[in-house]
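A.B. asks: Okay, handing you the structure first.
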Amino acid sequence: MRLRLSAILAASVALVTPAAAELFFPSLSYRTGPFAAGGIPFADGYADYFTLLNERDGGIGGVRVRVAECETAYNTEKGVECYEAIKGQSPLVIQPLSTGITYQLIPRVTQDGIPMHTMGYGRTSSKNGAVFSHVFNYPANYWDGASIIVNYLLDQNGGNLNGKKITLLYHNSAYGKEPIRTLEELAKKHGYELTLLPVDSPGQEQKSQWLQIRRDRPDYVLMWGWGVMNPTAIQEAINIRFPMENFIGVWWSGSENDVKAAGAAAAGYKSLNMHRTGTDFPLYADLQKYVIGAGKAAGAGDQVGSVLYSRGLYAAMLAAEAARRAQEIHGTPNITPAMMRDGMEALEITEARMAELGLPNFGPTFKVTCENHGGSGMGLIQQWDGQKWNVLTDWIESDKAVIDMLVADDSEAFAKENNIAKRCN
Amino acid sequence: MLYREAGDFKTSYRDDAQTFPIAFDRWRYYAVLAVAFGVIPFVINDYWANAILIPFLIYAIAAIGLNILTGYCGQVSLGTGGFMAVGAYATYKLMTAFPDVSILIHILLAGGITAAVGVLFGLPSLRIKGFYLAVATLAAQFFLVWLFNKVPWFYNYSASGQISAPERTFLGIALTGPASPAWAAYLTCLVFCVALAWLARNLTRGPLGRQWMAIRDMDIAAEIIGVNPLRAKLTAFAISSFFVGIAGALFFAVYLGAAEVGESFGIQKSFLVLFMIIIGGLGSIFGSFAGAAFLVLLPVLLKNTLVGGLGWPTDLAAHLELMIVGALIIVFLIAEPHGMAQLWRVAKEKLRLWPFPH
């Protein structure tokens, strides 16, 4: 039966995979539903970068890239359906752009030998490559993000947060709950008082949470929001006249789509970012020439240069670089998912390489190793001035002492629960 | 021609009262079972199992469960998602606390725990009915989701509140976890689904089912002829929740492998299962299957046709899918307010007379 099953599988794979060699990068996107405001620009940026590589360089290492989208609507069941549909076509890397779907897929991709990249989302402890062999979350993760915000606030307050009141407003899901543990640890260390305010998905109902914020008068409000939750929260903050410069979102709560509705009234709102944005990079000249000007842009083409478009572009760039690295290591342009995994584990992003790609100083420099799948864990703070996002700070380091301990704890628990033998010895 | 009673003689009361009195129906039923058990496991691949057949079987179990309560006993419930969550979290706690006990036993126990919770939330049905009961069960839905979010003991204090099913085997074959072969996961769900459907069919034909239906049709009249409403309503809640709990357990352990209460067992799930039985047909086992098929298989079919077949953009296809499914629901309900099961019943009546309608 095994033989017959695999024969059928092989036959179906042969049917869907064209004879010509190609590199398949699936895009689990969501252009519908309450989270589409975040999903559309990311998917556009992801697709456009690969279109550029195809049009300008003829693909990666001479092999053309194929990007196929599968709509998940940020829904885990649809995400599983998409994964099952693409996994037979040897996808080089899965990027679900959803922490919920990531949790479903971690065991499956490990079993099927397909690498998954969860850039700044997903399960934070998958940073520990010794336990999570096929999951990568470079360049930074949620716990880095939480720690970077706290470090920024420390810097603003002369190194002392003692007695300050910090409120975390979060999407009541795996995504929003991720930073809680780190913020609690850091509260013990720095002496601030942490209040947790969950917002149920999708997040259009926040009146009671903001009433509580108005009553408690916290010094700072941090937000882990996504989709429709972000503009709603920003509007509510304006309604209660909360000082916007004390309202800081994670990198998923800091795009144009989140603040544009409130416009100038949202001026002062800050958010994290893991890369720079805007169209002032040399890459955009090529992008204009080969993709946008040629009418090959994905989607409506109206998201170019926005924060989340840049993030999709960045994700595609990192994937392409890892594929290049895999081609070098294995000496063949036609790489398999297993080779791609090796390439991701050996990925190194240097300033020189980013400048060469036309994206100088776009993201942090980092190096992935067998133990560390999480990169350097740096981020920067940006601020909305009513018109556009401006970068306020340089790259900020996270508190590695606290985070590494938490990562070790959580990944050990996972390894024990699932009987995983540690790698990297 | 084929489909008729003529010549099909019954010589005992037992034969006369069987589920499929018409020979053709009976053979069709055996053929479906034979294909489901004897053919599909040998040809199934991961996509067919995980994207199509497993969700269909699990939703069918949930729909049968809700149909017992709403379709047969007349008690409207909007708590299905919450009860599925009870099944899922009970399995998770049992799986991680007693790793040596078979997963199949855990799934049954999870059903039992859900039945107990269901009875607890069914108590108000003795005083209130109709829309008011729907609101009371809605409270159960929100309370249970809140509980599983709030109390970290239920998710073993994991950082994100997610529960993940570890690998559990039966006779050396993994039934849960990523290593479980497609046919094993499919057969697990199929065995539960067939056994529960058989149980439901026979319960609803027996004295208990007749009590439920008496309560549904007119509770005061039922009470006068000697039906105990306490017993009838609470057994309906218990058995319905048992089914829904098993559906939740399979949904988490076999199908998704990881779950998060707000996303997987939210109010949308309650509505989805309720729509299944309304479209499929209240008070019909076949209707539960038809409704589950309609709402699980049709979107996947449309997606594969529009995106895979015609190559349309995914967002356009996703929007069209909502519109087509929505329009079909309206069309079906206007054409036959009693659901697909009634359409099937009418078709069968016509077939019996065909080709001589008079």
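Rule-based calculations on the coordinates, nothing more; no lab input. For clarity, every value in this text was computed on a predicted model and none was experimentally measured. Heads up, the Cβs are rebuilt from the backbone with ideal geometry, glycines too, and the neighbour counts pull from every protein chain shown.
A.B. asks: Can you sort A:Glu245, A:Glu77 by how many other beta carbons sit within 10 Å, fewest first? Let's see the in-between values first.
C.D. replies: Details: A:Glu245 13, A:Glu77 20.
Ordered by Cβ neighbours within 10 Å, fewest first: A:Glu245, A:Glu77.
A.B. asks: Further question on the same structure: Return one number: the angle in degrees, 0 to 90 and rounded to the nearest 10, between the long axis of the Cα atoms of helix A:76-86 and the longest principal axis of the Cα atoms of chain A.
C.D. replies: 20
A.B. asks: Another one. Of the chymotrypsin sites (Phe, Trp or Tyr not before Pro) in the stretch B:6-67, which ones lie in a loop per DSSP and count no more than 16 other C-beta atoms within 10 Å? Provide the component values of the computation, followed by the final result.
C.D. replies: Details: sites: B:Phe9, B:Tyr13, B:Phe24, B:Trp27, B:Tyr29, B:Tyr30, B:Phe37, B:Phe42, B:Tyr47, B:Trp48, B:Phe56, B:Tyr59; in loops: B:Phe9.
When the chymotrypsin sites (Phe, Trp or Tyr not before Pro) of the stretch B:6-67 are filtered for loop state and at most 16 Cβ neighbours within 10 Å, B:Phe9 remain.
A.B. asks: Report the FRET efficiency, 1/(1 + (r/R0)^6), for A:Ala338 and A:Leu392, where r is their Cβ-Cβ distance and R0 is 45 Å, rounded to 0.05. Provide the component values of the computation, followed by the final result.
C.D. replies: Details: r = 42 Å, r/R0 = 0.93.
Using R0 = 45 Å, I get an efficiency of 0.60.
A.B. asks: Which order do peptides B:346-352, A:330-336 fall in by mean Cβ count within 10 Å, highest first? List each step's numbers first, then the result.
C.D. replies: Details: B:346-352: 12.1, A:330-336: 15.3.
By packing density, highest mean first, the sequence is A:330-336, B:346-352.
A.B. asks: Using the alpha carbons of the stretch B:311-358, what is the convex hull volume per residue in cubic angstrom, as a whole number?
C.D. replies: Details: hull volume 5.0 nm³, N = 48.
Hull volume normalised by residue count: 104 Å³.
A.B. asks: Averaged across the residues of B:304-312, what count of C-beta atoms belonging to other chains lies within 10 Å of each residue's C-beta?
C.D. replies: On the way: counts 2, 0, 0, 5, 4, 0, 0, 0, 0.
Per residue, the number of nearby Cβ atoms from other chains is 1 on average.
A.B. asks: Based on other C-beta atoms within 10 Å, arrange A:Met119, B:Met84 from fewest to most.
C.D. replies: Values: A:Met119 25, B:Met84 33.
Least crowded to most crowded, the residues run A:Met119, B:Met84.
A.B. asks: Here is a follow-up. What's the exposure ranking of B:Thr137, A:Thr102, A:Thr279, going from fewest to most Cβ atoms within 10 Å?
C.D. replies: Details: B:Thr137 24, A:Thr102 29, A:Thr279 14.
Ascending number of Cβ neighbours within 10 Å: A:Thr279, B:Thr137, A:Thr102.
A.B. asks: Still on this structure: Averaged across B:152-164, how many Cβ atoms of other chains sit within 10 Å of each residue's Cβ atom?
C.D. replies: Working: counts 0, 0, 0, 2, 2, 2, 9, 16, 19, 7, 11, 1, 8.
Rounded to a whole number, the mean comes out at 6.
A.B. asks: Go through the stretch A:353-366 residue by residue and turn each phi into a ³J(HN,Hα) via Karplus (6.51, -1.76, 1.60, θ = phi - 60°); whole Hz please, and just put x for glycine and proline.
C.D. replies: 5, 4, 5, 4, 7, x, 10, x, 6, 6, x, x, 7, 7
A.B. asks: Further, regarding this structure: How about B:Lys350: which aspartates and glutamates have a C-alpha closer than 15 Å to its C-alpha, ignoring those fewer than 8 places off in the same chain?
C.D. replies: B:Glu5, B:Asp25
A.B. asks: Equivalent-ellipsoid semi-axes (√(5λ), Cα gyration tensor) for the protein assembly as shown, whole Å, largest first?
C.D. replies: Numbers: eigenvalues 462, 195, 117 Å².
Those come to 48, 31, 24 Å.
A.B. asks: Take every Cα pair under 8 Å in chain B that's 6+ residues apart, average their separations, divide by the length, and report that relative contact order as a whole percent. Before the final figure, lay out each step's value.
C.D. replies: Values: 531 pairs, mean separation 102.6, N = 358.
Rounded, it is 29 percent for chain B.
A.B. asks: Going down the list A:Lys260/A:Lys296; A:Lys127/A:Lys367; A:Lys188/A:Lys400; A:Lys207/A:Lys270; A:Lys164/A:Lys367; B:Lys303/B:Lys348, which pairs span over 24 Å between their C-alpha atoms? Please report the intermediate quantities before stating the final value.
C.D. replies: Values: A:Lys260/A:Lys296 26 Å; A:Lys127/A:Lys367 13 Å; A:Lys188/A:Lys400 16 Å; A:Lys207/A:Lys270 21 Å; A:Lys164/A:Lys367 36 Å; B:Lys303/B:Lys348 31 Å.
Check vs 24 Å cut-off fails for A:Lys260/A:Lys296; A:Lys164/A:Lys367; B:Lys303/B:Lys348.
A.B. asks: What angle do you read, to the nearest 10 degrees and between 0 and 90, between the alpha-carbon axis of helix A:99-112 and the longest principal axis of chain A?
C.D. replies: For A:99-112 against chain A, the angle is about 30 degrees.
A.B. asks: Efficiency by 1/(1 + (r/R0)^6): what FRET value for A:Gln156 and B:Trp146, r their Cβ-Cβ distance, R0 = 30 Å, to the nearest 0.05? Walk me through the numbers before you get to the answer.
C.D. replies: Working: r = 36 Å, r/R0 = 1.19.
With R0 = 30 Å, the Cβ-Cβ based efficiency is 0.25.
A.B. asks: So if I place +1 on the C-beta of Lys and Arg and -1 on the C-beta of Asp and Glu, and nothing else carries charge, what would the dipole magnitude of the stretch B:43-266 be about its Cα centre? I want it in debye, nearest 20.
C.D. replies: Numbers: 11 positive and 8 negative charges, 119 e Å.
Computed about the Cα centre, the dipole is about 580 debye.
A.B. asks: Let me have the relative contact order for the stretch A:115-239, percent, based on Cα pairs under 8 Å that are six or more residues apart. Spell out each step's value before the answer.
C.D. replies: Values: 174 pairs, mean separation 29.5, N = 125.
Relative contact order comes out at 24 percent.
A.B. asks: In nm, give the distance between the simple-model label positions of B:Ile173 and B:Asn202, each being 7 Å from the Cα along the Cα-to-Cβ direction.
C.D. replies: Going by the 7 Å Cα→Cβ label model, 2.4 nm.
A.B. asks: Any idea what angle helix A:400-418 forms with the longest principal axis of chain A, computed on alpha-carbon atoms, 0 to 90 degrees, nearest 10?
C.D. replies: 50
A.B. asks: Out of all DSSP beta bridges in chain A, what portion is antiparallel? Express it as a percent rounded to 5.
C.D. replies: Numbers: 12 of 39 bridges.
If I count the DSSP bridges inside chain A, around 30 percent turn out antiparallel.
A.B. asks: Normalised by the number of residues in the stretch A:280-425, what is the relative contact order in percent for Cα pairs under 8 Å and 6+ residues apart?
C.D. replies: Details: 120 pairs, mean separation 19.3, N = 146.
Relative contact order for the stretch A:280-425 comes out at 13 percent.
A.B. asks: Select from chain B the helices, each a whole stretch of DSSP H, whose alpha-carbon atoms run 30 Å or more along the helix axis and whose Kyte-Doolittle mean is at least -1.0; answer none if there are none.
C.D. replies: Numbers: long enough: B:182-205 (34 Å, 1.21); B:229-250 (31 Å, 1.31); B:314-335 (31 Å, 2.09).
Membrane-span-like by this criterion, though nothing is claimed about a membrane: B:182-205, B:229-250, B:314-335.
A.B. asks: Averaging the inverse of every distinct alpha carbon separation and then flipping it gives the Kirkwood radius. What is it for chain B, in angstrom units? Spell out each step's value before the answer.
C.D. replies: On the way: mean 1/r = 0.0465 Å⁻¹.
Computed over Cα pairs of chain B, the Kirkwood hydrodynamic radius comes out at 21.5 Å.
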